[in-house]
Amino acid sequence: MSLSLPSSSSAAAAAAASTSGSSSSPAANSSSSTTTSWFSGIVRGRGDKSGTAKLSKSASMASGGSGDYGGPIKGKNQFRGVLFKYGPKSIQVAFKTGEYKQQVIFIGGLTDGLLATDYLEPLAIALDKEKWSLVQLLMSSSYSGFGTSSLKQDAQEIDQLISYLINKENSEGVVLLGHSTGCQDIVYYMGTNAACSRAVRAAILQAPVSDREYKATLPETPAMIDLAANMIKEGRAEELMPREADPCAPISAYRYHSLCAYMGDDDMFSSDLSDDQLKTRLGHMANTPCQVIFSMGDEYVPDYVDKKALVNRLSKAMGGAERVEIEHGNHSLSNRVHEAVQAIIGFVKREGPSGWDDPWS
């Protein structure tokens, strides 16, 4: 299925009207309810409800529950919600708007952290109207940590977050929303078959692009790939590359090779991979309802790449994922915010609740 969202469409205008200035969003049925999710009981195994998070009336009002709750957004770049720790590391914190039992988890790309994209603000408002929470997480790879991390580590931390939502927030399931390298995180995580991955009811890949193809346009990349490969052969995979390898952050030989080398661990969306290679890397996503949102003006996709052909091949490799092509959209869709929200909300409403009555089937 393919959807095309040109910037001048009337649908985009409708989305703009429905997602802006929504401070009067209705109050939520918060997780402070006495009803405990059967789903969390299954995951705990013993039905222990002692870990259920309960909010007082005043706390609920302050954090986006009932009472005087004015919606998830207070003002420009000002979110109402709850900041919580989901794991033992100091970086393992997440921010949640709304107190609902259905959550969209946003997973950013390289150098991203909280409030990573412009569409998160209107998305939080739109999700709140549909009684969904938006969760933004920080991982060990957030901000400048990506260079010394890995997809494997990201997957472990995503699993910890979902486990927290199940056991502490009585989650009834989540939708994963990845931006840029966050798309690789989702694909890798869903391939682990971790226990909590069964709580993922759908996945959205926004800007699934090839780091390798972009890096190949930089003159220093070939020599740096050779250096990284030699360091790995010498058993120095976790040692840092020279500063010129990546001016944004310290980066290990392993992570540089993973991002920049042909068939590295992060190499999932390159246009020069064969159909069989794409299917090997992406085929398991056919088991999960999936949407691919591709920016047709993405500045990180080389000009020689046929974007329309690439998104078609990615969708096919994932068993027929829904395709959304946003004309003239840039990498983060900062110039097409309402089209982004329209696509995400439409997909969540169609696919999100599907199968939630029996997520273990």
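The values are calculated or read from the model by the stated rules, or taken from the named source; none is laboratory data. Quantities reported herein were computed from a predicted structural model and do not represent experimental measurements. All Cβ positions, glycine included, derive from the backbone under ideal geometry; neighbour counts span all protein chains shown. These accessible areas exclude ligands, DNA and RNA; they are computed on the full protein's heavy atoms, side chains included. Shrake-Rupley method; radii C 1.70, N 1.55, O 1.52, S 1.80 Å.
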The residue from Ile91, Ile125 that alone is part of a loop (DSSP other than H, G, I, E, B) and of a type outside the set (Gly, Ala, Ser) is Ile91
Checking Leu83, Leu114 in turn, the sole residue that is assigned by the TED database to the domain that holds Gly182, open to solvent by 50 Å² or more (accessible area, probe 1.4 Å), among the hydrophobic types (A, V, I, L, M, F, W, C) and touching a Lys or Arg at 6+ places or on another chain (Cβ under 9 Å) turns out to be Leu83
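Please go through region 128-141 and give me each residue that is in a helix (DSSP H, G or I) and buried (at least 23 other Cβ atoms within 10 Å of the Cβ), ordered by number. Give the derivation first.
Keep residues of region 128-141 that are in a helix (DSSP H, G or I), which gives 128-129.
If the condition is that a residue be in a helix (DSSP H, G or I) and buried (at least 23 other Cβ atoms within 10 Å of the Cβ), then Asp128 is the only one that fits.
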For region 250-263 the number of residues that are under 17 Å from Thr111 (Cβ atoms) and either over 21 Å from the mean Cα position of the chain (by Cα) or open to solvent by 50 Å² or more (accessible area, probe 1.4 Å) (or both) is 5
With criteria (1) open to solvent by 20 Å² or more (accessible area, probe 1.4 Å); (2) touching a Ser or Thr at 6+ places or on another chain (Cβ under 6 Å); (3) closer than 26 Å to Gln153 by Cα, Lys279 comes up short on (2)
Test result for Asp266, assigned to a loop (DSSP other than H, G, I, E, B), at pLDDT 95 or above and open to solvent by less than 10 Å² (accessible area, probe 1.4 Å)
yes
The number of residues in region 108-165 that are under 14 Å from Ile73 (Cβ atoms) and among the β-branched types (Val, Ile, Thr) is 1
Scanning region 86-110 for residues that are farther than 17 Å from Ile125 by Cβ and among the basic types (Lys, Arg), the one surrounded by the fewest Cβ atoms within 10 Å (Cβ to Cβ) turns out to be Lys89
The one condition Asn193 fails out of (1) within 30 Å of Ala343 (Cβ to Cβ); (2) open to solvent by less than 30 Å² (accessible area, probe 1.4 Å) is (2)
For region 298-309, pairs from a residue that is assigned by the TED database to the domain that holds Leu333 to a residue that is surrounded by fewer than 14 Cβ atoms within 10 Å (Cβ to Cβ) and in a loop (DSSP other than H, G, I, E, B), with Cβ under 8 Å and 6 or more apart or across chains, are Pro302/Thr217
